[in-house]
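Data block below; observations after.
The values are calculated or read from the model by the stated rules, or taken from the named source; none is laboratory data. The structure presented is a predicted model; accordingly, all values stated were derived computationally and were not measured. Using ideal geometry, Cβ is built from the backbone for each residue, glycine included, and neighbour counts are taken over all protein chains shown. Each accessible area value is taken on the protein alone, full model and side chains, heavy atoms only, with ligands, DNA and RNA left out. Shrake-Rupley method; radii C 1.70, N 1.55, O 1.52, S 1.80 Å.
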Amino acid sequence: MKTRPLAGSVALAAAVALTATACGGSGDPKASGGPEKVTVWIMKDSVTDAFLDRFRTGFEAEHEDIDLDIQIQEWDGIGEKVTAALASKDAPDVIEVGNTQIAQYAASGGVLDLSDRTAELNGADWLPGLAEPGKVDGKQYGIPWYAANRVVIYHKDLFARAGVTTPPKTQAEWLAVTAKLNRGRTQGIYLPGQNWYTLSGFIWEEGGDLAVKDGSAWKGALDTSQARAGMDFYRQLQALGKGPKDSDEAKPPQAEVFAKGEVAQIIAVPGGAKIVEEINPALKGKLGFFPIPGKTAGKPGAVFTGGSDLIVPEASTHPDAAYEVVKALAGEKWQTDMARTMSYVPNRTSLARVIQDDAGTAAMAAGAAQGRATPNSPQWAAVEATNPIKQYMTAVLTGTDPAQAAATASQSITKTLGS
């Protein structure tokens with residue numbers, strides 16, 4: 001898969017100016033008496049040009065009354081651009097948005113409620129990490145499109161040398177296996193101290209959360225016993241490697257560390273293996289994948305789900321035609337094509353079968369069934385901007401009292417979400 005940032009993790013400004021400028025929308029419906037021109041915004045590198053060409057040709061062949069105008073958008077500045085489009089009278093008809101951005105867009109107004117369409121779109125089968133953030137205050141604004149999440153990428157030779165024949169299936173086994181791998185010059189795992197998306201999964205696995213809604217207000221929840229248990233597991237796992245305690249997976253790039261051949265495991269999206277192989281071709285064919293383990297062997301652990309949903313602006317001049325585009329992109333035919341083309345996880349749990357022949361994507365799909373997204377607050381982007389979670393993690397890993405560090409971080413989150 002392309003290794004752009006997961007769509008759901010794109011950081012947005014805490015406040016976005018609303019403008020009523022024209023945004024490249026559809027124009028006067030059927031002004032010439034011909035087919036309806038439906039404008040679709042797709043984010044750069046989400047899918048290949050070849051996929052979009054196949055979709056356009058196939059869709060227009062089945063909908064002779066609709067012409068598609070697919071426009072590629074840059075991620076940089078997209079928050080402001082989408083918000084302006086939603087406030088305009090000339091909005092596009094369909095917009096791809098990051099799954100964790102929907103609450104912010106819904107709060108700004110101008111997004112069509114598609115709740116009455118969920119049954120027709122097989123909503124009961126949607127991945128929770130895409131469906132839940134698409135639903136705000138009981139209304140389904142975002143229709144799941146595709147997902148991606150982290151897995152464990154491991155060095156098969158280092159596992160074999162340590163006598164580990166099968167990947168671990170529980171957190172307890174994972175700690176034991178990692179300790180066994182951690183010998184000599186080999187690091188059992190390279191886990192930076194501020195990989196907060198991975199921590200989120202551990203917290204959810206314990207039944208905790210980063211923040212919770214209390215009435216109409218949101219408050220930080222890192223100081224709950226469940227969240228602290230998730231952080232304690234992270235601390236134990238991180239200690240079995242030599243990852244820095246005060247930086248994330250980008251500093252230094254963990255693919256470069258893994259490519260040296262002395263690390264047994266990293267946590268990343270499967271596409272990260274391609275980067276490792278490009279850096280060190282000698283590792284080609286030596287990397288494997290398994291889902292992040294959970295507390296029990298019966299199912300993988302909870303993970304952060306990144307990806308995209310599709311929304312229809314209220315200002316769309318062709319809402320019915322726009323829905324037909326959404327229905328097609330979210331349907332089995334094009335979900336299967338896209339998953340196989342891009343190595344993404346399809347939007348439905350039942351479609352995981354279509355990518356079972358790809359080890360990395362299959363591991364990702366297994367984890368996606370337990371996927372979650374960040375708290376569904378329109379102010380969450382402001383939390384990520386300062387990210388007290390990273391500071392909290394470093395504090396705990398460097399010896400600060402865990403309870404005090406959690407309380408401080410939770411207070412910071414509460415203040416930001418209430419601003």
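Suppose the filter is more than 22 Å from residue 48 (Cα to Cα) and free of Cβ contacts under 8 Å to residues at least 40 places away in the same chain; does residue 357 pass it? I'd like the intermediate steps shown before the answer.
On the way: more than 22 Å from residue 48 (Cα to Cα): no; free of Cβ contacts under 8 Å to residues at least 40 places away in the same chain: yes.
For residue 357, the condition - more than 22 Å from residue 48 (Cα to Cα) and free of Cβ contacts under 8 Å to residues at least 40 places away in the same chain - is not met.
Within region 398-411, can you find the residues that are open to solvent by 20 Å² or more (accessible area, probe 1.4 Å) and either touching a strand residue (DSSP E or B) at 6+ places or on another chain (Cβ under 7 Å) or acidic (Asp, Glu) (or both)? Hits for region 398-411 are 401, 411.
Taking helices (runs of 4 or more DSSP H) as the structural unit, those lying wholly within region 344-399 and holding at least 3 residues that are within 27 Å of residue 121 (Cβ to Cβ) and in contact with a Pro (Cβ under 8 Å, 6 or more places away or on another chain) correspond to 359-368. Every condition in (1) open to solvent by 50 Å² or more (accessible area, probe 1.4 Å); (2) in a loop (DSSP other than H, G, I, E, B); (3) closer than 30 Å to residue 119 by Cα; (4) touching a residue at least 12 places away in the same chain (Cβ under 8 Å) is met by residue 419 except one, and the failing one is (3).
For region 121-219, the strands (runs of 3 or more DSSP E) that sit wholly inside it and include 1 or more residues that are open to solvent by 20 Å² or more (accessible area, probe 1.4 Å) and farther than 30 Å from residue 264 by Cβ are 211-214.
Would you check if residue 256 is within 26 Å of residue 65 (Cβ to Cβ) and at pLDDT 95 or above?
It is false that residue 256 is within 26 Å of residue 65 (Cβ to Cβ) and at pLDDT 95 or above.
Contact map, region 152-170: first residue farther than 17 Å from residue 237 by Cβ, second residue open to solvent by 10 Å² or more (accessible area, probe 1.4 Å), Cβ cut-off under 6 Å, separation 6 or more or different chains; pairs are 156/286; 157/286. In region 225-265, which residues are open to solvent by less than 20 Å² (accessible area, probe 1.4 Å), assigned to a helix (DSSP H, G or I) and within 25 Å of residue 410 (Cβ to Cβ)? 227, 230, 231, 233, 234, 237, 238, listed by residue number. Among the residues making up region 370-397, those that are open to solvent by less than 40 Å² (accessible area, probe 1.4 Å) and among the aliphatic types (A, V, I, L, M) are 373, 381, 382, 383, 389, 393, 395, 396, 397. Would you check which residues across region 299-333 are open to solvent by 10 Å² or more (accessible area, probe 1.4 Å), closer than 30 Å to residue 154 by Cα and either β-branched (Val, Ile, Thr) or without any contact (Cβ under 8 Å) to a residue 24 or more places away in the chain (or both) and list them? Across region 299-333, there are no qualifying residues.
Restricting 336, 341, 296 to those that are open to solvent by 10 Å² or more (accessible area, probe 1.4 Å), polar (S, T, N, Q), in a helix (DSSP H, G or I) and in contact (Cβ under 8 Å) with a residue 60 or more places away in the chain reduces the list to 341.
A single entry from 257, 177, 151 fulfils the requirement of being of a type in the set (Val, Ile, Thr) and over 25 Å from the mean Cα position of the chain (by Cα): 177.
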